[in-house]
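J.: The structure that follows is given in the form of structure tokens.
The values are calculated or read from the model by the stated rules, or taken from the named source; none is laboratory data. Computed from a prediction, not measured in an experiment: that's the story for all the values here. Here the Cβ positions follow ideal geometry from the backbone for every residue, glycine too, while neighbour counts run over all protein chains shown.
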Amino acid sequence: MNDETHIDERLRRALRAPEPPPDLAARILAQRPPRKPRRWPALAAAAGVLLALGLWPSPYPPGEAFVAHARDEARLQRLAGAPPLAGVELMKRCRVAGRDYLHLRLRQDGQAVDAFVGTPPPGLMEQGRAGDRLWRRLDRDGRSLVLVYPPGLDPVPVAERILAHLNPSKEVPRT
Amino acid sequence: MDAEGFEDWVRDHHGDLYRHALWLVGDADLAEELVQETFYRAWRGRRGLRRRERPLPWLLGILRRACFAEIARRGRYAPEAYFEAGVPGGEDVAHLARALARLDPAQRDILLLYALHGLSYADIARQLDIPQGTVMSRLARARAALREVWGGPWEEAAVIPFPGSRR
């Protein structure tokens, strides 16, 4: 082995020395949502029947009802809770408002101390994060649950608990 | 991309992505968050990937954008506390950390693409969206900068064979 190869290998070895946390891969994989059954073909067929019969229950055509609702609710809604807020309730509100994003800041015991629903303005995520960690989780419908939590708290069970309480009968176990 | 394929991505690449983020931003907790963020975005955007059999360059692109956004926001690089607290590799690693801390982030980045991931010039050129000749000249400058700051008892390690260099 010549000098160049030796030194190149030495740099490579030094760069590869730090090991990732042993549970990092598990936490990354836990970010994914559980499998979602494909219901849209049946829903589309049902909507088609309602439209054809003139029975569509909204002044908006299919699809636009959601958009119009989301536009009406477009401004960022801050749910700053003086008392600790339950994540389950907040995620329900997020769904009701047709938003795709919920940001919760957690206490050491896993309860939320404040929350933001909707698309965050620039810089919001970085506020009040001194020493806190950040972890995301997608729910089955593609909405993001973002947890900001203190060191020592495992965010995965908290997220599982929040999402499991949303609609337990429809949760599909991950394989 | 199915769930099993994504799990393979995570298993195969999370270590090297973590190392890239760690050497680039110099903060272990932040590096962990950035890798999580990378795979989160990859999962959401997985249908847009053309070459699924070779996801590393794509994942690196996501990670590097996130890293540079954090670097721009934080404006500092202070890896000493992590690297001097008993990382495997000992003094060699700690010394390299001190040396890399004195390079600018773009120089650390191109060194990592070359030396950590072993990417070819062509892959680095695609990653940085620059011509291959520019890759070679930037690598030479990064190597020269590393040689300049990697002195002391590790003088011999300053001679790193990056292309375009003159010995």
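J.: Report those helices (runs of 4 or more DSSP H) wholly inside region A:10-81 carrying at least 3 residues which are touching a helix residue (DSSP H, G or I) at 6+ places or on another chain (Cβ under 9 Å) and modelled with pLDDT of 55 or more.
T.: Answer list for region A:10-81: A:24-29.
J.: Are any residues in region B:63-78 at pLDDT below 85, surrounded by 11 or more Cβ atoms within 10 Å (Cβ to Cβ) and either under 14 Å from B:Tyr18 (Cβ atoms) or away from every other protein chain (no Cβ under 12 Å) (or both), and if so, which ones?
T.: B:Tyr77, B:Ala78
J.: Scan region B:11-33 for residues that are crowded, with 24+ Cβ neighbours inside 10 Å and at the interface with chain A (Cβ under 8 Å from one of its Cβ atoms) and report the count.
T.: 3
J.: Sticking with this structure for a sec: Six or more apart or on different chains, Cβ under 6 Å: which pairs go from a residue in region B:34-62 that's within 9 Å of another protein chain (Cβ to nearest Cβ) to one that's outside any helix (DSSP H, G or I)? Could you list them?
T.: Matching pairs, first to second residue: B:Tyr40/A:Gln31; B:Tyr40/A:Arg136; B:Trp43/A:Arg32.
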